[in-house]
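Worksheet: the structure to be examined is printed underneath.
No lab work stands behind these numbers, since they all come straight from the coordinates. Remember, it's a predicted structure, so these values are computed and weren't measured experimentally. Reconstructed Cβ throughout: ideal geometry from the backbone, glycine too, with neighbour counts over all protein chains shown.
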Number of protein chains: 4
Amino acid sequence: MAVYEEKYSENKPDENNWKSHLYEIIFEADTPAGKNFDIVLIVSILLSVLVVMIDSVKSLRLAHGDLLHDIEWFFTILFTIEYVLRMICVKSKTRYATSILGIIDLLAIMPTYLSLFLPGSQFLLVIRILRVLRIFRILKLVKYLNEAELLITALKASSRKITVFLFTVLTLVVILGSLMYLIEGEENGFTSIPMSIHWAIVTLTTVGYGDIVPKTPLGIALSSVVMIIGYSIIAVPTGIVTAEISFASIEDREKKRPRNVCNNCGNDRNDSDALFCKHCGTKL
Amino acid sequence: MAVYEEKYSENKPDENNWKSHLYEIIFEADTPAGKNFDIVLIVSILLSVLVVMIDSVKSLRLAHGDLLHDIEWFFTILFTIEYVLRMICVKSKTRYATSILGIIDLLAIMPTYLSLFLPGSQFLLVIRILRVLRIFRILKLVKYLNEAELLITALKASSRKITVFLFTVLTLVVILGSLMYLIEGEENGFTSIPMSIHWAIVTLTTVGYGDIVPKTPLGIALSSVVMIIGYSIIAVPTGIVTAEISFASIEDREKKRPRNVCNNCGNDRNDSDALFCKHCGTKL
Amino acid sequence: MAVYEEKYSENKPDENNWKSHLYEIIFEADTPAGKNFDIVLIVSILLSVLVVMIDSVKSLRLAHGDLLHDIEWFFTILFTIEYVLRMICVKSKTRYATSILGIIDLLAIMPTYLSLFLPGSQFLLVIRILRVLRIFRILKLVKYLNEAELLITALKASSRKITVFLFTVLTLVVILGSLMYLIEGEENGFTSIPMSIHWAIVTLTTVGYGDIVPKTPLGIALSSVVMIIGYSIIAVPTGIVTAEISFASIEDREKKRPRNVCNNCGNDRNDSDALFCKHCGTKL
Amino acid sequence: MAVYEEKYSENKPDENNWKSHLYEIIFEADTPAGKNFDIVLIVSILLSVLVVMIDSVKSLRLAHGDLLHDIEWFFTILFTIEYVLRMICVKSKTRYATSILGIIDLLAIMPTYLSLFLPGSQFLLVIRILRVLRIFRILKLVKYLNEAELLITALKASSRKITVFLFTVLTLVVILGSLMYLIEGEENGFTSIPMSIHWAIVTLTTVGYGDIVPKTPLGIALSSVVMIIGYSIIAVPTGIVTAEISFASIEDREKKRPRNVCNNCGNDRNDSDALFCKHCGTKL
C-alpha cells in the first residue's frame, strides 16, 4: 500500500524546461493537460485489461483472435512509449525505476514481449490493473486517501495480533486436516494430508466447496466441530480490527474536534473537559 | 433509501375540497379511512406479489394459468386506478411523478401492460414489493424510522472507507482470478479470466459454490491462501461499520440524555439526579 | 428465552407437608435430594434424546428397533409420572401448565402417545432437548444466567435495528431472485421465482450450496454482485449487535466499579472523575 | 495456550556444571549456541512435518517410500536424543515430563515407534507442528506474546457468554435438524437425525457443502430461515469478542499511558505535557 504514501512531485526536475513541462503532464494533475493525460491513461489501462479478459474467452478468441492480438500490441507499445517518457522526464531515473509505481509500470508492459517466447504469458497483463491505483494519487481524491490511511494504520496496529491468530489457525488446520486423513482415508476423498488440510481450510473459513465431504460418522462429527470452531473464531480477527479501527477513528475525530482555547496563553490543545489551561493554569 | 426521508403530506392540496379529502385517505394515515386504505393497499401488494411468484412455478402455472392471469390483471387495474387517483389529488403532479415512491408506483403497473407485447415481462411485477416500504412511512412506525436513519447515517459515514475496501477487493480478485486461470487452465474448469474472477469472488466471499474447484497442487495452495485472506479481511468492513454504528449510537444516546449544566463552570456531564456540580461543587 | 427469567420457587405450596417436600425435590436444587433428582432428570433427558436419534438411523433401527421402541416408552412413562407429580405438588396447576417450562414438559411426552396413531411422530421427541435448558435455572449457574441476561438485553435493544435490516434483506432477495429467474430461466435450474429467491438467500448469506449456479454471463456477473453485497452487509447486523453488547458490558462494568463515596453524606454513586459529591457538594 | 504462560528457565539446575550449560543450549536462547540450537530445532521440526505430509501423497509414497521412511526415522531418532538430553539436564524430571511442552515433546516421537505395530500411525507425527509454538517462547518474540496474552484475556473474559451462545446454537441445530428429517425424509438425503443435524450445522455456520440440500417446498422454506438465522446470529459471538478485545485494548493503552497526577485534587487524567492540572489549576 506504499503506493498511497509516495510523495507527490518529489522527483520533478529542478530546471524549468521541456522536461519539467512533460513531468507536469505525465506525473501531475494540476494543469488541464495533466488532468486529460491521466483520464486518457486510466481509460487506456481499463480498456487494455478488458481486452486481455476477452482474449481469454475461447469463443471470442477464436472469432476475433487477430484483432485482440493487435489491440494488445497497440496498448503495449503505447505504454512502452509512456514508460520511456516517464524515464526521460524524471530527475532520478533509478529512483523512479525502483519505486513501486515504476516497477508496476514496467511489469505492465513486459508480458506482451514475453509472449513472443512464452505463449500464454500475455494474460499476466492483468497486472496492469494495479496501475489504476494511481487514480487515487493523481486525481487527488484526498478524502479517500485519508480514509485509506486510517484503515492502513488500523491494520498495521493489529498486524501482530492478526499474526498470532493466523499462526494459531494454521496450526489448527494442520492438526485437524491430518486427523481427518486418518479418520476418513483415501477412499472417501481425503487422498493425502495436504488435501485434508485444504479441506480443513475450506471448512474452517466457512467456504465449503463440497468437493470433499466426510462420509464416516466420526468424520461427520469432527467436521461439525470444525465448522462450529470456524464460525466462532471468525469473531477474533473481527474483534481485533474493529477495536483498532475504533481507536483510529476516535483519534481522527479528536483531531477534528473544536479545542478548548486558553484566552491567556492561546494554547488550543486543552481537553474538552478541562477547567484550567494545562499550560498556564488560567481558568478557562 | 430516500423513501424514508420523504416529507409527510408535503404535496397536499391547499384548498379543503374533495381532492384534499382524497389525499388524506390515499396518502395519509391519520383518519380511520386513511388507515383502512393503507392496510387494504399493503395486503393487495403482498397478494399480487404472491400471485406473480405462484405464476412462475411451472406445475401451478399449467394447472391454474388462466386464473392467475386474471388475478394479475385484476391487481394491475386496481393499482392503475390508484395511480390515477394519486395523480388527481396531489398539488404538483410532476413532483409526485418524479418522486421515488411515484416512480415505483408507476413501475409496479407497467410490466402487466408490457407483457402483452413481451411475454414473460410480467415477472418484473415483483418490483411491487418495493411499495411495501411505504409501510414504514404511512403506518408511522416512527421508532423504526429513527433506527433506520441511524443505520443510514452510519453507512453514509463509512461509505468512503467501504469504497476504498471494495476497490482493493476488486483489484485483488482480478489479479487472483487471472493467476488461477494461468495455473489451472481451461481443462480444470477455469475456462476464462472472467470465469476465474467469478471463482475468486465465490471463494474470497466464503460463498464457495463448488462448481469450479482447483485441481492442481499449486492451484489448491493458492485457493487456500485466498480463503484465509477472505476469512480475515471480512473483519475490515465489519470493523468500519461497527465503529460508525457505535459513534452514531453514542451520539443518539447523548442527545437523549437529560443534561444538567453547571452555571458556574459550565460542566454539562452532571448526572440527572445531581444536586451539586461534580467538578466545582456549586449548587445546581 | 423467558425460560431464564422465570422466578425460582414462585409456585411452591405454602403449607409444609409432603407436597412442599415433593416440590423441593422436583423443582428446587437446594437439598441433596433435589440436586440428585435434577442430575438424574438431565441424564434421562439426554439419554432419551440420544435414543430418538439412534432410532432415526435406518441400519440401527432395523437391528435394534424393538429395544429402542421399548426404551422410548420407558422414558415417556417416566416423564409422564414426573409431569403428574409436578402437577400435584404445585400451588397453582394452571400457572405451571401454562408456563413455558410446563408446556415444554407436556410437549416432551406427547409425541410417543401420538406415534400410536401417527407413525413417525416419535421423532418430535427431540423437543425434549429444550428441557435441558432447565440446567441453567436449577443448577444455579447464576453467573451464566447473568451473561445470558446481558446478551438478551443487548439483542432486545437491537431488535428494531435488526428488523429494519432483515426487512431490507428480504426485499433485496425477492428482487434479486426474480431478476435471476428472468436472466437464467428454467433451463439453468432457476425453475421458479421462489426457487430463485432461495438461490439469492443461499448466495447472499454466503452459504453457497452450489446446487443451483448461474450459467449465463449476465447471471454470473449479477451473482458476483450479490456475493459482494452479502459479504459487505454482514457488517451491519454485526455492527448493531456489537455496539449494543459494548453498551450493555460497559453498564455492567459500571455497576461493578468501586464508587466514589462521599465522607459527608455517604452517597456512593458519585462518578469516578467527580471532585465534589453530587448530593451534598462536599469536596471528595 | 498455557504454552505461552510457562515461565522461562524455571527448571534450570542450580549448580553451574555441564548440565546447566546443556540446559542453556537446549532450553534457553540467550547464548549464540542456544540460539543456533533453536533455529536448527525449528527447521528440523518443519522439515519432519513436511516429510510426513509428502509421505501421505500416494504417488510420492510409491515413488520414494523407502527414502521418506528413512528420513522419518532419522528425525525421530534425533528428537528422541533431544528428549533424553532435555530429561537429563532439567532439575525436576517429573516437572518437565508433565508440563505441556514436555508432553508434546514425547507425543512428537511416539507415532514412529507405534507405526512398527500399527501401520499408518506415523501420520500422527504432524502433532510435531505443536512444537513450533515454542518459537514464540524461545525466540523471545515478547511483543507477540503480549498480544497473544491480550487475546487470551479477552477470550477468557468472554468464555461464559460464548458458552451460553454455543449452548443455544446446539439446541437450535438439534431441533432444526430433527424438523428437517421429518419434512424431507430419507428419500431426499436426510437419512437420519444425526445426518440432519450435520446439515443444520453446515447451513447455520454458512459453510454450505451442498452434498445434502432440501428438495421439498417446505424444506426449502425452512432452510432459508436457517440461513438467515445463521447469517444474523454470527453477529453475537463477534459482538461478544469485539467488546472484550476493546476493553482489554483500552486497559492495555491505559497502562502504557504516562500518568500526570495532580497532588492537589488527585486527578490523574492530565496530558503528559500539562504544566497545570486541568481540573483545579494547581501547578504540577
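Rounded, prolate or oblate, given the Cα gyration tensor of chain C, with a/c below 1.5 counting as rounded?
Oblate, since a/c reaches 1.5 and b/c is not below a/b.
With a sphere of radius 14 Å drawn around the Cβ of A:I71, what net charge do the other residues whose Cβ falls strictly inside it have (Lys, Arg +1; Asp, Glu -1)?
Net charge around A:I71: -2.
If one puts a single equal scatterer on every Cα of the range B:152-257 and applies the Debye formula without solvent, what log₁₀ I(q)/I(0) results at q = 0.15 Å⁻¹?
These q points yield log10 I(q)/I(0) values of -0.66.
At a 4.7 angstrom Cβ threshold, list every cysteine in chain C that has nobody to pair with, or say none.
C:C89, each lacking another Cys Cβ under 4.7 Å.
Decide, for the protein assembly as shown, between rounded, prolate and oblate: order the square roots of the alpha carbon gyration tensor eigenvalues as a ≥ b ≥ c, take rounded if a/c falls under 1.5, and otherwise choose prolate if a/b is larger than b/c, else oblate.
Rounded, since a/c falls under 1.5.
Multiply the residue separation of D:E186 and D:K283 by 0.36 nm, subtract the distance between their alpha-carbon atoms, and state the gained length in nm to one decimal.
26.8 nm
Hydropathy first: keep DSSP H helices in chain D averaging at least 1.0 on Kyte-Doolittle, then drop any whose Cα extent along the axis falls short of 18 Å, and list what survives.
What comes out of the filter, once short or polar helices are dropped, is D:32-56, D:159-184, D:217-233.
How far apart are the D:V43 label points across copies, placing each 7 Å from Cα toward Cβ, in nm, shortest first?
Spacings between copies for this position, smallest first, are 5.7, 5.7, 8.0 nm.
Take A:T94 and A:I152, extend 7 Å from each Cα along the Cα→Cβ direction, and tell me the distance between the two endpoints in nm.
So the two model labels end up 2.5 nm from each other.
If you place +1 on the Cβ of every Lys and Arg and -1 on the Cβ of every Asp and Glu, how big does the dipole about the Cα centre of the protein assembly as shown come out, in debye to the nearest 20?
Magnitude of the dipole: close to 3460 debye.
Taking the range D:141-240, which trypsin sites (Lys or Arg not before Pro) meet the DSSP loop condition and have no more than 15 other C-beta atoms within 10 Å?
Sites meeting the loop and neighbour criteria: D:K215.
Identify which of D:D30, D:D14, D:D105 has the largest mean-square fluctuation in a Gaussian network model of chain D, with springs joining Cα atoms closer than 10 Å.
D:D14
Got the C:D66 label distances to the other copies yet, label 7 Å along Cα→Cβ, in nm, shortest first?
6.0, 6.0, 8.5
Which cross-chain or sequence-distant (5 or more) residues have an amide H under 5 Å from the amide H of A:N267, H modelled 1.01 Å from N in plane?
Amide H neighbours of A:N267: A:C262.
Assume the label is 7 Å from Cα along Cα to beta carbon: what separations in nm does D:A97 have to the matching positions in the other copies?
Ordered by increasing distance: 6.6, 6.6, 9.4 nm.
With +1 on each Lys and Arg Cβ and -1 on each Asp and Glu Cβ, and nothing else charged, work out how big the dipole of chain B is about its Cα centre, in Debye to the nearest 20.
My answer is approximately 860 debye.
Kindly list the residues of the range B:143-162 that lie in the label zone of B:K256, defined by a backbone N under 13 Å from the point 7 Å along the Cα-to-C-beta vector.
B:143-148, B:150, by backbone N distance to the label point.
Net charge around D:N188, counting only other residues with Cβ within less than 13 Å of its Cβ (Lys, Arg = +1; Asp, Glu = -1)?
-4
Report, ordered by chain and residue number, the aspartates and glutamates lying within cross-link reach of A:K156, taken as a straight Cα distance under 18 Å and ignoring same-chain residues fewer than 8 apart.
Output for A:K156: A:E5, A:E6, A:E147, A:E244, A:E251, A:D252, D:E147, D:D252.
Under the classification rounded if a/c is under 1.5, otherwise prolate if a/b is larger than b/c and oblate if not, where does the range A:2-139 fall, given a ≥ b ≥ c as square roots of the Cα gyration tensor eigenvalues?
It comes out prolate by the Cα gyration axes.
Compute the label zone of A:L116 within the range A:76-98: residues whose backbone N is under 20 Å from the point 7 Å along Cα-to-Cβ.
A:76-85
Relative contact order for the range C:2-139 using alpha-carbon pairs under 8 Å, separation at least 6, rounded to a whole percent?
So the answer I get is 32 percent.
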